[in-house]
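The values are calculated or read from the model by the stated rules, or taken from the named source; none is laboratory data. Every value quoted in this text rests on a predicted model; they were computed, and no experiment measured them. All Cβ positions, glycine included, derive from the backbone under ideal geometry; neighbour counts span all protein chains shown.
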Amino acid sequence: MKAQALHGHLDALLLSVLEGGSLHGYAIIEALKVRSGGTLNLPTGTIYPALRRLERAGYVDSTWSTVNGRERRTYQLTGAGHRALAGERTSWQELSSTVGRFLGVDGPAEAPA
């Protein structure tokens with residue numbers, strides 16, 4: 001799946017992945033891939049700018065650490081990030097329900113007469 005297809009939803013996916021605990025960038029990319037069954041294989045050029053955007057918004061904090069002699073940044077949700085994720089979930093349910101009325105497996109709903 002291409003990053004463009006996720007337009008408007010990437011932030012929610014990243015917040016959801018971080019809900020489970022702190023992760024470094026590569027682990028976030030791998031978590032997206034694993035949780036999507038391999039469908040989301042997004043490049044670092046998509047993920048890292050989004051993480052910086054979430055950090056500027058106050059939804060994510062990051063810290064630098066050294067692991068096996070390598071510097072890496074670890075990201076974690078803030079309280080505001082948890083609240084934003086809850087809002088994203090509500091919005092997704094509403095959108096999914098509405099779009100499902102048009103594209104669902106049962107076909108289109110009958111228009112009122």
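If we scan segment 70-84, do we find a residue that is aliphatic (A, V, I, L, M) and touching a residue at least 24 places away in the same chain (Cβ under 8 Å)?
Yes: segment 70-84 contains one or more residues that are aliphatic (A, V, I, L, M) and touching a residue at least 24 places away in the same chain (Cβ under 8 Å).
How do the pairs read when you match residues in segment 31-56 that are outside any helix (DSSP H, G or I) with residues anywhere that are surrounded by 14 or more Cβ atoms within 10 Å (Cβ to Cβ), using Cβ under 7 Å and keeping only pairs 6 or more apart or on different chains?
Qualifying pairs under 7 Å: L40/L32; L40/K33; N41/K33; L42/A3; L42/I29; L42/L32.
Would it be correct to say that L23 is under 21 Å from H7 (Cα atoms) and either surrounded by 10 or more Cβ atoms within 10 Å (Cβ to Cβ) or not charged (D, E, K, R) (or both)?
No.
Quick check on T90: is it loosely packed, with under 14 Cβ neighbours inside 10 Å and modelled with pLDDT of 95 or more?
Here the answer is yes, as T90 does meet what is asked.
Residues in segment 48-61 that are in contact with a Gly (Cβ under 9 Å, 6 or more places away or on another chain) and either among the small types (G, A, S) or modelled with pLDDT under 95 (or both): how many?
Going through segment 48-61 one residue at a time, the tally reaches 2.
Can L14 be described as touching a Ser or Thr at 6+ places or on another chain (Cβ under 9 Å) and either of a type in the set (A, V, I, L, M) or in contact (Cβ under 8 Å) with a residue 24 or more places away in the chain (or both)?
The answer is no for L14.
Inspect all residues belonging to segment 40-59 and state whether any of them is surrounded by 12 or more Cβ atoms within 10 Å (Cβ to Cβ), of a type outside the set (F, W, Y) and at positive phi.
Within segment 40-59, one or more residues are surrounded by 12 or more Cβ atoms within 10 Å (Cβ to Cβ), of a type outside the set (F, W, Y) and at positive phi.
Confirm whether Y75 is in a helix (DSSP H, G or I), surrounded by 10 or more Cβ atoms within 10 Å (Cβ to Cβ) and either aromatic (F, W, Y) or at pLDDT below 95 (or both).
No.
So in segment 4-28, with the set limited to residues that are assigned to a helix (DSSP H, G or I) and more than 10 Å from the chain's Cα centre (by Cα), which one is farthest from W64 (Cα to Cα)?
Among them, the one singled out is A5.
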